[in-house]
Every structure is written in C-alpha cells, then in structure tokens.
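Taken together, the values in this text are just the output of simple stated rules run on the coordinates, not laboratory data. Everything quoted here is computed from the prediction, not taken from an experiment. Here the Cβ positions follow ideal geometry from the backbone for every residue, glycine too, while neighbour counts run over all protein chains shown.
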Amino acid sequence: MAGIFLLKSQATLEENLVSQTKFIASEQSGSGVVVFGGSNATITNDIYQKNEQYGLLVAQNSQAKVSGSTFAENKSYGMFLDCLSSKVQEEKNTYKGNGQGEKNKCR
C-alpha cells in the first residue's frame with residue numbers, strides 16, 4: 001500500500017513522515033506517497049524514508065511541487081516521475097541512500 005494515495009485530487013502535504021510502506025505486487029504499491037490520475041500536490045518539508053518502493057511517485061497526468069523534503073533509504077528511487085505525462089517542480093530537497101538513486105533518468 002501507499003502511505004498516502006492521491007487520485008484525481010488536489011492536496012497540500014506539510015511536515016509529514018511517511019516510512020516503511022510495504023510492497024504488494026498485485027497493487028504495484030510500496031511508495032510513500034503516490035500522486036496519480038490527474039492529481040496536483042504541493043509537498044513541503046516532508047520526510048519519505050525506508051519505503052519498499054519509491055519515496056514519491058508522480059504519474060498519469062499529475063503534478064507536484066516539492067520543496068524542503070527528504071528522501072532517504074527508499075528501496076528504489078527517492079522520487080519517480082512518469083516522464084511522458086507528469087511534471088515535478090522541486091526546490092532544496094535532500095536525497096540520501098536511496099537504492100536506485102535520487103530520481104529516475106527523465107528528471
């Protein structure tokens with residue numbers, strides 16, 4: 001499951017700790033926060049750590065503005081972006097020890 005899952009939503013996330021979400025293959029889950037299906041999120045000063053997939057996943061025509069957040073020790077990327085349809089604007093984020101690196105290559 002995702003720690004927080006946004007679907008066709010607008011949300012502001014501030015000063016959250018999202019940690020240790022579990023991967024369930026049938027649900028393609030395990031990310032700390034999923035911004036999905038046309039959602040728009042503003043994320044400030046959050047911590048995403050030790051999730052079994054991504055710290056933050058932004059996909060399917062979604063957008064996120066992410067600032068001052070920390071992505072640490074997530075099993076895959078700290079942040080994963082659907083390069084074809086979604087956008088992320090980021091400022092002053094910190095990445096530490098994520099399994100596949102900070103972000104996927106389209107970033």
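Treat each spin label as a single point 7 Å out from the Cα along the C-beta direction, and report the Gln100 to Ser85 distance in nm. For the pair Gln100/Ser85, the computed spacing is 1.9 nm. Which entries in the list Lys22/Lys65; Lys22/Lys87; Lys8/Lys87; Lys22/Lys92; Lys50/Lys103; Lys65/Lys105 go over 21 Å, if you measure between the two C-alpha atoms of each? Over 21 Å Cα-Cα: Lys22/Lys65; Lys22/Lys87; Lys22/Lys92. The simple spin-label model puts a point 7 Å past each Cα toward its Cβ; for Gln20 and Lys75 those points are separated by 1.4 nm. For the chain, rounded, prolate or oblate, judged on the Cα gyration tensor with a ≥ b ≥ c (square roots of eigenvalues), a/c < 1.5 rounded, else prolate if a/b > b/c? In terms of gyration-tensor shape, rounded.
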